[in-house]
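A short write-up of the structure that comes next.
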Amino acid sequence: MRSLFINIRELVQIRDSSVEKVSGSEMKELPKISNAWLFFENDKISDFGKMEDLSEIQVDQTIDLTGKIVLPSWCDSHTHLVYAGNREQEFVDRINGLTYEEIANRGGGILNSAKTLNETSEEELYEQSAARLEEVIKLGTGAIEIKSGYGLTKEGELKMLRVIKKLKNNFSLPVKATFLGAHALPSEYKDRKEEYLDMVITEILPVIAKENLAEYIDIFCEKGYFSVEDTNRLMKAGQKYGLQPKIHVNQFNAIGGVQAGVTHNAISVDHLEIMTPQDIKSLTGTPTMPVALPGCSLFLSIPYTPAREIMEAGLPLALATDFNPGSSPSGNMNLVVSLACIKMKMTPEEAINAATINAAYAMGLSKTHGSISKGKKANFIVTKNIPSYAYLPYAFGTNAIEDVYINGKSVN
Ligand code: NIG
Ligand code: FE
């Protein structure tokens, strides 16, 4: 199928396909063509340019996008989209004064989700997760990472990873799987953290490798959860099985998780609400992508990742939803981009770079996704009639998306 979009008001995030990420002041630039055309064949972008330079192309369909904007679909590099049930009662408890920490200490939080997940069948878990994935695709997400971490038993973790694999097989967008067995210590292992990690390493990791169930390995490196020593141990074990680190660090405390991530060549370090100058320094000159999750900051009323300081240090930054039932029950990347502008003082250019090319990098997809580049996948967002790309973060809460294309096909 040969398709041509014409009269595009703004074709945004056009890049040479060699660009894998943008850092520091490069993030201020969002290359675009006004009054553009875009030609794609089957699932790949073939060419694009200015309307005035359009010569005759043989196509099967021509779509007039007068007044509309085209940009690469969002890449969501950090989600926990596979979960069972919800935690709206904890949300109400927090409104009534309990903290996230107090709820977790009472056996709520991650352990609450783990209990529900272990009581839910694989089929039911798949149905709930597939419905969420369908929803976020309609909101413009065209590539996604999904973590385990609500099983916390061998069976539960493998069930989650098999559901992720099934989503990967049944949906056309790329789905990257991350093993987060060390998300919290299950109550059966209270005061026996070493034994839990032994179980994760000796009983779960070999099955993941054998069945090819994950590409990345994660840990919640945080006071009261897992230490830097635990992180070092688990990342080393994961690497033996070919799993690259991609870790939760600095959500509530800076305990050295960023440095541990850098040491183990993590593809990304995520959360970063609490950052020391030393944390920022340790990321300089490394291939590790810092990832901010402003939906979590909004929902838990915790600080936002210091995006300006990170970018002013010359670092790249990516944005993701953290879609999960406890700290960010939304997989809406449009809202994340708005929050980045409103609360983190990122410009629309910086936020869109962070949610496309840099987010693709944070899950190893920037050779095929994250920009409008010749040869990359034909994954786009087509907006409604809007004045400019800055309108997207500006009109927060408005759905400005008319259609989403995955591999050259409209999802409508
Ligand atoms: O990324 N911080 C750790 N994990 C999740 C939240 C887990 C939960 O509350 O269910 C996060 O915020
Ligand atoms: Fe998370």
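Coordinate-derived values only; no laboratory data. Because the structure is predicted, anything quoted here is derived from the model rather than measured. Glycine also receives a Cβ, built like all others from the backbone with ideal geometry; neighbour counts cover every protein chain displayed.
Structure summary
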| item | result |
| --- | --- |
| Residue (of T321, T116, I357) at the positive-pole extreme of the range 75-361, dipole from beta-carbon charges | I357 |
| Relative contact order, percent, the range 134-292 [alpha-carbon distance under 8 Å, six or more residues apart] | 16 |
| Residue-count net charge about D16 - beta-carbon cut-off 11 Å; Lys, Arg +1, Asp, Glu -1 | +2 |
| Over 25 Å (Cα to Cα) - which of K165/K377; K166/K374; K159/K409; K236/K377 fall in this group | K166/K374; K159/K409; K236/K377 |
| Sorted by Cβ density within 10 Å, fewest first, the residues I302, I352, I255 | I302, I255, I352 |
| Relative exposure of T66, T398, judged by other C-beta atoms within 10 Å (fewest first) | T66, T398 |
| The range 1-66-the range 166-239 distance, computed between alpha-carbon centres (Å) | 40 |
| Cα gyration tensor shape for the range 21-148, rounded if a/c is under 1.5, else prolate or oblate | prolate |
| Unit charges on C-beta of K, R, D, E only; dipole of the range 111-176, Debye | 280 |
| Beta bridges per DSSP with both ends in the chain, % antiparallel, nearest 5 | 45 |
| Between the range 389-412 and the range 140-156, the Cα center-to-center distance that results, in Å | 25 |
| Long-range HN-HN contacts of K384 with modeled amide H, under 5 Å | I401, E402 |
| Cα gyration tensor shape for the range 289-412, rounded if a/c is under 1.5, else prolate or oblate | prolate |
| Value of relative contact order over the chain, rounded to a whole percent, pairs C-alpha under 8 Å and six or more apart | 23 |
| Cα-based helix-to-principal-axis angle, 154-170 vs the chain, degrees rounded to 10 | 10 |
| Distance (nanometres) between label positions extended 7 Å along Cα→Cβ at N232 and K210 | 3.1 |
| Overall form of the chain per C-alpha gyration tensor (a/c, 1.5; a/b vs b/c) | prolate |
| Ranking of F380, F39 by count of other Cβ atoms within 10 Å, fewest first | F39, F380 |
| 222 nm mean residue ellipticity, helices alone, for the chain (DSSP H n ≥ 4; -39,500 (n - 2.57); rounded to 500) | -9500 deg cm²/dmol |
| 5 angstrom amide H check on A84, placed H, neighbours 5+ away | L117 |
| Size of charge dipole - the chain - debye, nearest 20, with Cβ of Lys, Arg +1 and Asp, Glu -1, no other charges | 420 |
